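What follows is a set of notes on a single structure, which appears directly below.
The values are calculated or read from the model by the stated rules, or taken from the named source; none is laboratory data. Predicted model only: the values in this text are computed from it and were never measured. Don't worry about glycine lacking a Cβ; one is built from the backbone with ideal geometry, like all the others, and counts go over all protein chains shown.
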Amino acid sequence: MLEQNQSHRSEVGDTNPLARRMTELDLDFYELSLGEAALSGYLQRRCVLCAKRTHCLEDIARHSCDRVRHGWLNYCPNSSALERLAAQRRRTLVGAKCYFPYLG
């Protein structure tokens, strides 16, 4: 089952610029599509209808996993949502650093 999911993820990522952008931001397209289907569908529709889709695909091919280059933020209609999702993910990975003296 896990192998099928990983295979599905790589197939989706190979043909889907949104999934590839999400991968660059350490986000999981498959997980988002399962957990937040409405948001995933919205982002996907915006990506499919984007006038800069060809430019995006070329940019991804040229700068795959190059986080220093943020030119896509200027033309991607999903950039703000993806940046927000990435920031949210980073916050959840760090975890809360609270001190609870009453817990012992």
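Going through the stretch 18-38 one residue at a time, which ones are in a helix (DSSP H, G or I), touching a helix residue (DSSP H, G or I) at 6+ places or on another chain (Cβ under 7 Å) and not aromatic (Phe, Trp, Tyr)?
Of the residues in the stretch 18-38, the ones in a helix (DSSP H, G or I) are 18-24, 29-35, 37-38.
With touching a helix residue (DSSP H, G or I) at 6+ places or on another chain (Cβ under 7 Å) added as a condition, the list becomes 18-23, 29-30, 32-33.
Across the stretch 18-38, the qualifying residues are Leu18, Ala19, Arg20, Arg21, Met22, Thr23, Leu32, Ser33.
Out of the stretch 26-48, which residues are surrounded by 16 or more Cβ atoms within 10 Å (Cβ to Cβ) and closer than 12 Å to Cys76 by Cβ?
Leu43, Cys47
Matching residues to (1) surrounded by 11 or more Cβ atoms within 10 Å (Cβ to Cβ); (2) modelled with pLDDT of 90 or more; (3) out of contact with any Asp or Glu (no Cβ under 6 Å at 6 or more places or on another chain); (4) hydroxyl-bearing (Ser, Thr, Tyr):
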{"position": "Cys50", "(1), (2), (3), (4)": "yes, yes, yes, no"}
{"position": "Arg53", "(1), (2), (3), (4)": "yes, no, yes, no"}
{"position": "Leu57", "(1), (2), (3), (4)": "yes, no, yes, no"}
{"position": "Ser64", "(1), (2), (3), (4)": "no, no, yes, yes"}
{"position": "Val68", "(1), (2), (3), (4)": "no, no, yes, no"}
{"position": "Tyr75", "(1), (2), (3), (4)": "yes, yes, yes, yes"}
{"position": "Leu85", "(1), (2), (3), (4)": "yes, yes, yes, no"}
{"position": "Arg91", "(1), (2), (3), (4)": "no, no, yes, no"}
{"position": "Ala96", "(1), (2), (3), (4)": "no, no, yes, no"}
